[in-house]
1. Given the criteria under 24 Å from residue 194 (Cα atoms), among the polar types (S, T, N, Q) and more than 16 Å from the ligand (Cβ to nearest atom), does residue 347 qualify?
2. Criterion first (of a type in the set (A, V, I, L, M) and part of a helix (DSSP H, G or I)) does residue 340 satisfy it?
3. When you check residue 299 against the structure, is it part of a loop (DSSP other than H, G, I, E, B) and within 16 Å of the ligand (Cβ to nearest atom), yes or no?
4. Spot the failing condition for residue 311; the list is (1) farther than 19 Å from residue 402 by Cα; (2) of a type outside the set (A, V, I, L, M, F, W, C); (3) not in a loop (DSSP other than H, G, I, E, B), and only one is missed.
5. Looking at segment 357-376 only, could you name the residues that are within 14 Å of the ligand (Cβ to nearest atom) and surrounded by fewer than 20 Cβ atoms within 10 Å (Cβ to Cβ)?
6. Taking the stated definitions as given, is residue 405 assigned to a helix (DSSP H, G or I), at pLDDT below 95 and under 29 Å from residue 268 (Cβ atoms)?
7. Test each condition in (1) within 16 Å of the ligand (Cβ to nearest atom); (2) surrounded by 22 or more Cβ atoms within 10 Å (Cβ to Cβ) for residue 329 and report the one that comes out false.
Amino acid sequence: MGRWLVGLPAAMLPAGLALPALSAVGDPQHAGPLYFVTCLAVAVAFAAVGIRLSRGSRAAAVMGVAIVALASLLLEQASYPGAAAVVAAALGWGIGALVEWPPERRWRAISGLIGGSETLVLLRFGLGVWQAGLALIAIALWCCWRSLGSGGQSHAPGRAPRAAYLGVAGLLALFSAFWVGSTSPSVEWFGQLTYHGPRDRNEVALTFDDGPNGAATAEIGRFLADRGVHATFFLVGKAVVRDPGTATALLSDGHIVANHSYNHGAFSYLDPSYPELMQTQRAIAERVGVCPALFRPPHGTHTWFMSRIVSGHGMRLVTWDVSAKDWVEDDAVRLAKNILAKVKPGSIILLHDGIDGIPPVDRSVVVKALPAILDGLKARGLKPVALDVLLGTPPYLPLSECLPAVADGAAR
Ligand SMILES: [Zn+2]
């Protein structure tokens, strides 16, 4: 029992050092104290299981090192609360395995554990006083626990529970790698993508997703055109079919239209053949008369397969580096402020003129925020341009790339 009382906090303190990273990733609006506590609880629970099952196993300890390293890498990339919570579980599990490093190696384990956590915190935040304090307390607790003795060695668990533990921990780590990799719009190691333009020029791109959305899209398109600003609209195929007029009007106002899937489903990105890409290309080509060269996956979720299919069609996968979660924001002033706080040269700014391609939805928050966003960009010397200008890439492909059957028919 004493082993648990001291061992668990000692195991969790390094995780506690790393966990503020979890509350800082993504958006501050959605990563409050409750979220932090939830992540901590998840990590504690998994560490507890790890401590119980990995007792004295060298393989478990090695696995723990690997999982902690992987979780630390993922922490830097996790941009969704759900993904970060899974990473927290993996981190806790890995630390749980690490804690039971064989006694004769314990100092190596302790220094590795503390050093790793501290490096992570330093990379993410710079070292604060309270973090240094926690690290010292962790070391002190550990030393007390070891010097007092663990109060009678209880027998180690058998092979089967250990094997199950290692298997589940490995799967969890792999799963969190996949999840974080595919759901983070700035992760390039999970398929080639572009999430910002050149940082050495004072240009940024305003992008609008999920339309066309009737009056809201029309109003945004007109307002920008009146201010002499060109933006990029990532259109949802089914919405284009329903409302081709609004999509065509965007072109007349000088904006760029691009591909944002056909149905905007949450899980269609998992289909390795990703048929929605070409389904949308056809819809846009037939209704609007252009063949987009730019594609943005719904929610920024992507896989290697999707990335290959997109580049195989001569297209470019583009995500973003600035989002203020305008789809859940209801305060236009705060929306503009949050966007401007994150923007820098080369930024690709994510906004929504629709929601999931399901019109009609009210987007007055974006309409109201736009004047302040444009003024703020101007004050920072940043010029909003369409994505083709920012990235120096053609916005459209020949129409025959979208409508091969038509091209074949014409050639015959
Ligand atoms: Zn979308």
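1. Yes, satisfied.
2. yes
3. Against the criterion (part of a loop (DSSP other than H, G, I, E, B) and within 16 Å of the ligand (Cβ to nearest atom)), residue 299 does not qualify.
4. Here residue 311 clears every test but (1).
5. Result: 358, 361.
6. yes
7. Result: residue 329 fails condition (2) only.
Okay, residues lined up against (1) within 17 Å of residue 184 (Cβ to Cβ); (2) among the β-branched types (Val, Ile, Thr); (3) more than 16 Å from the ligand (Cβ to nearest atom):
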| residue | (1), (2), (3) |
| --- | --- |
| 239 | no, no, no |
| 254 | no, no, yes |
| 259 | no, no, no |
| 270 | yes, no, yes |
| 281 | no, no, yes |
| 284 | no, yes, no |
| 309 | no, yes, yes |
| 315 | no, no, yes |
| 322 | yes, yes, no |
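The values are calculated or read from the model by the stated rules, or taken from the named source; none is laboratory data. All figures in this text were calculated on a predicted structure; none of them were measured in a lab. As a convention, Cβ positions derive from the backbone with ideal geometry for all residues, glycine included, and neighbour counts pool all protein chains shown.
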